[in-house]
C-alpha cells in the first residue's frame, strides 16, 4: 500500500515545504525523504513518530490505519494524550514543533510569546483583583435594622 508515502508528501506540500526543509528538520538526507514519499524505503519507528508529531497527525494516520489525520488532544476520560497539550499554555510553549501558519517558531520567538502572555495574564489578574476588592467595599447593610 502506498499510503505512507502519499500522506507524507501531501502533509509536506500542505505546509508548503520542500523535501530539503523536511530533511533538515529530521536530520536525514533529501533523497531519504524522496524515497519515503515514493514508498521505496520506510522510515525507522523513531522517525515516523517524529514526523507524526511534526505534522500533528497520528502514526496510525501516516500508516493508513485511520482516515482522520489530526491528533485528538483530549481523550474521553478527560486526560490529555500529550502532557504538553493539557491546556497549560506555558507548558505548551515549550514544545519544539510549534509554528505560525507553517512557519516554524524558534526558541527565541517562543520565549517572546511566553513573555507577552505573562504580561497579559498579570494585567488580567490585576483587573480581576481590583474588581473583586471594589465589590467587597460596597456599602454594607447592617445586620440589625434598628442600628440605622
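Rule-based calculations on the coordinates, nothing more; no lab input. Only a predicted model underlies this, so the values are computations on that prediction, with no experimental measurement involved. Ideal geometry is used to build each Cβ from the backbone, glycine not excepted, and the neighbour counts take in all protein chains shown.
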Give me the Kirkwood hydrodynamic radius of region 89-136, using the inverse of the mean 1/r over all pairs of distinct Cα atoms, in Å to one decimal. 12.5
In nm, to one decimal, how far is the residue 99 label point from the residue 129 one, both placed 7 Å along Cα→Cβ? 4.0
